[in-house]
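In what follows, a single structure is set out as structure tokens and then discussed.
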Amino acid sequence: MAVIQDLRYGLRALIRTPSVTAVAILTLTIGIGANTAAFSVIDAVLLRPLPFADAARLMRVHERRESDYGHVSGHEFAAWRDRNGTFDGLVAYEFGGANLTGAGDPQALQTLLVSARFFDVLGMHAIMGRGFVVGEDQRGANHVAVLSHRLWQRSFGSNPAIVGAVIRLDNEPYSVVGVMPPASDLDPDLWVPMDLPQELRRVGRHSLNVIGRLKPDKTPSEARADLAVISRNLEREMPDMNTGHGVEVVPLYDDIVGDARRPVLVAFGAVAFVLLIACANVAHLLLTRAAAREREVAVRTALGATRGDLIRQFLVESLLLACAGGALGVLLAAWIVDLLPAIKAIEIPRLADTRIDLRVLGVSTFLTCLTGVLCGILPALRSTAPQLQTRLNDGGRQQSPPGVGRLASALVVSEVALALMLLIGASLLTQSLIRLVRVEPGFTARDVLVIPVALPGQRYPQPQQRIAAFEDLIGRIRALPGVRAAGATTHLPLAGADNRTAYSIVGSPPPPAGQAPVASIHEVSADYFTAMKIPLVRGRFFSANDARVALPLIRWFEQQPPPPRYDESQPLPVAVVSETMARQSWPGQDPIGRQVQILFSPPITVVGVVGDVRHRGLRLAAPAEIYLPHVQEPQWLMTLVVSIAGDPAGLAAAVREQIRSVDRDLPVAQMQPMEDVLRDSIGGQRFDAFLLGTIGVVGVALALLGIYGVMSYSVARRTREIGIRTALGARTRDVLALVLGRAMNLTALGLALGLAGSFALTRLLETLLFEITPTDVMTFTVVSMLLGAVALGAGYLPARRALRVDPSVALRPE
């Protein structure tokens, strides 16, 4: 009954002070809501286990070259799979793509080509049908498919009779054998078996990803040692192909989460700071409110209320505020969680799994209760201190309970310190983003449209067919009004794809085994450089007279080594190289006319040098690059790049029509401006800066509110003193100095503590920064000065009010 009475009384007390109640609830809503949303992300990304049976035993196996991890060659996978004694199973997979036709408009799907035991090893079970069985990863038996739950719903209307149905991928029939349950954004659109024997023959092609399930009694370190022995044996057996190739075994969870752990934890730490600032702010509001209730407390004490009764009453009121803020905070968190998938800039694995579930609600409830106690305990203890005689003194003098002013000041100091740490972190990330945006990528993205096009391999099996299709398509698009230039490339800069291969320099001593230089290899059309405005530094671009279908780089993979010999009666193949490639391979020499070899290719003559392109990211140095004419190495998948005089989006419909005119089954849904690709490549940095900046602004606003509140409270409590000073001849500047002096002292102490904390905590941002140190002195100085100036501004308004105190009114009670 006592608690019910306290609840009723607390509600009436909160309703009597609506402005204080509204500010407190809004402050807590922001703090609790942001923390609830942040925890839901942490729960999905870092805490929740992977959606696989006994996921802790799943390991990702990498090939290791020096300090770099890489994909695995087929013969390495076969050796690891057949010779190891620590895994229950090893499987390989490779990302791919396929065009789905016959189910509405043509769709470009993301596929996963997998070895037959893939689902068994990962512990994935179909909700309809089955996974793949042994033998279905062999040529002739691999035209079966397993659909993701997402694709089954989107393209097949959740048809329960889909198992056994035939779908067409790249115009080839595939029988659907199963549908997987809804899992996460890790899923592709569908799974198909790879042609495993063919993959195992591709000795020099490093394209496979490998996952293994540890035996119950084995550890990752034991597996690593086991596979290391096999790798050393391979190095002795095949020194030309495997020298310097090691192995690394890491838990699949760590491999998927990767570098996302630090930015997620930094964001959570930032919103935790906001909650602390919110708690300090609400505690100060309640402290001020409690100070105005001194006589009420004294009267209740005189009537027999114990200190425990009074403390319980104050805590009930603060918990009511926290519950209101917590309920609204959950709604705010739900809105934020729903908004996250729409923000393309966020590149965090498993983010699509984020949801407000019972675990998150439990944490939100705990935060609400903790916040209520933190906000209410200090005001409760201070306001119920035994000062009965002082509070019953009706002399009309406004005196605070002992320590109230010191507590309020301490809360403001903590708010300023926390706000400064948030602002410095946000400033560092913002400056890092600005420097990243200013990096010259090596091409011009403005007014360029990019369109991935995948030719079905079964319909275009011959190199000449692929050449003809792309040249026809490029020619049609080039003829459209408003098109300046049109080209194509196998690897669009900043889009995440690359093809790094070892090469040798003709005429130079061969490097030691395993130490050959590496370059990125791109097949491009003749006008690709013009469309992307990649500058020609020396020599020439490709021309129509260059060799056609001269390199056996694709075809030799289909056969057992040695690869087919090059027909020397054909024209010599040519290449264009980047400045970095020319500088590294022929320092101080003219690279034009020099020759290189890629794998088992014939000598390739360099005919031009172009500017460097930061292909793998603006944060990374431009790699050595070799460009080959696509007529020498025709591919199935290329990205069209179209330079347009005007808005690229305005020509999208015409480009789509030209693609359909070449092949009506080609999907063209992924058309986008190159500027979007460039912007998305730094989306993570943009989001980090925006998030921490927004959190910093909220924190500063709350801190300024706290300073304003403390100064207003101080002026109200010192009205009599100010009136006496004014009556005795104090000048305006003396009163301003009296009031602002305290604000300056509080701000200075908060800034000092904030600087110390920032020097310690900003080191956590080091991996997120670009060309700026986490302890940049200029940033620390400027941000501190700005926050100090704004904080003093917040204290100036109450100081101005102090100047308007009328001495006769202030001294009237005397």
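The values are calculated or read from the model by the stated rules, or taken from the named source; none is laboratory data. Nothing here was measured: the structure is a model prediction, and the numbers come from that model. Heads up, the Cβs are rebuilt from the backbone with ideal geometry, glycines too, and the neighbour counts pull from every protein chain shown. Please note that ligands, DNA and RNA were not included when accessible areas were found on the heavy atoms of the full protein model with its side chains. Shrake-Rupley method; radii C 1.70, N 1.55, O 1.52, S 1.80 Å.
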Which shape class applies to the stretch 609-698: rounded if a/c is under 1.5, otherwise prolate when a/b exceeds b/c and oblate if not, where a ≥ b ≥ c are the square roots of the Cα gyration tensor eigenvalues?
oblate
Which of LEU328, THR639, LEU286 sits farthest toward the positive end of the charge dipole of the chain, with +1 on the Cβ of Lys and Arg and -1 on the Cβ of Asp and Glu?
LEU286
Would you rank SER427, SER148 by solvent-accessible area, highest first, keeping every protein chain in place and using a 1.4 Å probe?
SER427, SER148
What net charge is computed for the residues neighbouring LEU433, neighbours being all others with C-beta under 13 Å from the C-beta of LEU433, Lys and Arg scored +1, Asp and Glu -1?
+3
Please report how far the C-alpha centroid of the stretch 428-486 lies from that of the stretch 99-150, rounded to the nearest whole angstrom.
30 Å
Just to confirm the number: angle between the C-alpha axis of helix 683-717 and the first principal axis of the chain, 0 to 90 degrees, nearest 10?
0 degrees
Compute the relative contact order of the stretch 401-533 as a whole-number percentage, counting only Cα pairs closer than 8 Å that sit 6 or more residues apart in sequence.
23 percent
On a C-alpha basis, how far is the centre of the stretch 237-296 from the centre of the stretch 619-646 in Å? Whole number, if you could?
39 Å
Residue-level accessible surface for CYS375, protein heavy atoms, 1.4 Å, Å²:
0 Å²
Relative contact order of the chain, pairs being alpha-carbon contacts under 8 Å that are 6 or more residues apart, as %
17 percent
What net charge do the residues around GLY304 carry, taking every other residue with its C-beta under 15 Å from that of GLY304, with Lys and Arg at +1 and Asp and Glu at -1?
+1
Explain nothing, just the number: dipole magnitude of the stretch 731-780 about its Cα centre with +1 on each Lys and Arg Cβ and -1 on each Asp and Glu Cβ, in debye rounded to the nearest 20.
400 debye
About its Cα centre, the chain carries a charge dipole, from +1 on Lys and Arg Cβ atoms and -1 on Asp and Glu Cβ atoms, whose size in debye to the nearest 20 is 3660 debye
Computed over the stretch 97-194: relative contact order in percent, which uses C-alpha pairs under 8 Å that are six or more apart
40 percent
Would you kindly derive the ³J(HN,Hα) couplings of the stretch 263-273 from the backbone phi angles with the Karplus curve 6.51 cos²θ - 1.76 cosθ + 1.60 (θ = phi - 60°), listing them in order in whole Hz, with x for Gly and Pro?
x, 5, 5, 4, 4, 5, x, 5, 6, 5, 4
What is the mean projected area of the alpha carbon convex hull for the chain, to one decimal in square nanometres?
43.9 nm²
Positive minus negative residues near SER409 (Lys, Arg vs Asp, Glu; Cβ under 12 Å):
+1
From the square roots a ≥ b ≥ c of the eigenvalues of the alpha-carbon gyration tensor of the stretch 137-178, which class results: rounded (a/c under 1.5), prolate (a/b over b/c), or oblate?
prolate
Just to confirm my numbers, what's the Cα centroid distance between the stretch 1-51 and the stretch 679-708 in Å?
22 Å
MET241, MET674, ranked by accessible area, largest first (probe 1.4 Å)
MET241, MET674
Probe 1.4 Å, all protein chains present, accessible-area order of SER207, SER661, largest first
SER661, SER207
If you plug each phi of the stretch 45-53 into the Karplus form 6.51 cos²θ - 1.76 cosθ + 1.60 with θ = phi - 60°, what whole-Hz ³J(HN,Hα) values come out, in order, with x for Gly and Pro?
8, 10, 9, 6, x, 4, x, 10, 5
